[in-house]
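Here is the structure we will look at, set down as structure tokens.
The values are calculated or read from the model by the stated rules, or taken from the named source; none is laboratory data. Since the structure is predicted, the reported quantities are computational estimates derived from the model, not experimental observations. Glycine also receives a Cβ, built like all others from the backbone with ideal geometry; neighbour counts cover every protein chain displayed.
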Amino acid sequence: MSKVVRLPAAAIEEPLALAFLNTLFVEDGTEIDGLSSLKDVERWYRQVAQAHANAPLLHAQAAHGLGRLRILRSTLRLALQHHVRAQATDDDARSLQNVLGAGLLAPVFGVADGRVVVEAAPQTGTFVDRLIRDIADSFVDLLNDTVPERIKRCDGEDCVLFFVDRSKAASRAWCSMRTCGNRHKAAVHYRRRQRTDKTKGN
């Protein structure tokens, strides 16, 4: 029996598209994939999308489904990084179109002024199809409804998590103050103490 991975809060609490990206994270310097099986996918999705809690997983398509989700995750991550920096290109739009625009999953992607622009479309299909459709819808909402500067990657060392900065001054820097924020504070305190000790020793 495989070990159940404890996902970071940002893989549950952020909008679905960002929560999906945050299922790939770093812990103690090691990259961890929180969606290493379709059972993991189902377990995660139950936490972020209760409406789909009972959607059946098609085990015969396990490898294919996981492959599609991993390609989707890496494609969305790269496109989002470019989007928030106003560096998106037609290559990003084509990549998004390739992973989300086939057949019944047919949003149309383009680029305007360095930003990815999208149009949504209806869907049917398997559990993985519906999950991809929901992630695509969330990604569309994120791009259309969120100021790019409010979509951030955590400033924590080695942290790869994304979040929407809802602070009044748009000054949030960490995925979580309990983890990355506290680690940063501890590191700053340690360096300050080291400098003080060196000064005293001289």
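Would you point out the residue of the stretch 33-59, among those that are assigned to a loop (DSSP other than H, G, I, E, B) and of a type in the set (S, T, N, Q), that is modelled with the highest pLDDT?
At the first step, the residues of the stretch 33-59 found to be assigned to a loop (DSSP other than H, G, I, E, B) are 34-37, 49, 53-58.
Applying the additional criterion that residues be of a type in the set (S, T, N, Q) yields 36-37, 54.
Working: SER36: 90, SER37: 87, ASN54: 48.
Among residues in the stretch 33-59 that are assigned to a loop (DSSP other than H, G, I, E, B) and of a type in the set (S, T, N, Q), the one modelled with the highest pLDDT is SER36.
Which one of these does ARG166 not meet: (1) at pLDDT below 90; (2) closer than 22 Å to VAL48 by Cβ?
It fails just one condition, (1).
I'm trying to understand the selection: among the residues of the stretch 1-32, which are polar (S, T, N, Q), farther than 17 Å from LEU78 by Cα and not in a strand (DSSP E or B)? Lay out the reasoning, then the answer.
Narrowing the stretch 1-32 to residues polar (S, T, N, Q): 2, 22-23, 30.
Within this subset, residues satisfying the condition of being farther than 17 Å from LEU78 by Cα are 2, 30.
Residue satisfying the conditions is SER2 alone.
Can you tell me which residue is surrounded by the most Cβ atoms within 10 Å (Cβ to Cβ) among those in the stretch 8-30 that are more than 12 Å from the chain's Cα centre (by Cα) and touching a residue at least 24 places away in the same chain (Cβ under 8 Å)? Before you say what the answer is, go through the steps one by one.
From the stretch 8-30, those more than 12 Å from the chain's Cα centre (by Cα) are 26-30; that's our starting set.
So of that shortlist, the ones also touching a residue at least 24 places away in the same chain (Cβ under 8 Å) come out as 26, 29.
Details: VAL26: 15, GLY29: 7.
Out of the qualifying residues, it is VAL26.
For the stretch 80-89, what are the residues that are touching a strand residue (DSSP E or B) at 6+ places or on another chain (Cβ under 6 Å) and either assigned to a helix (DSSP H, G or I) or surrounded by fewer than 20 Cβ atoms within 10 Å (Cβ to Cβ) (or both)? Show your work before the answer.
We begin by selecting, within the stretch 80-89, every residue touching a strand residue (DSSP E or B) at 6+ places or on another chain (Cβ under 6 Å); these are 83-84, 88.
Scanning the stretch 80-89 gives HIS83, VAL84.
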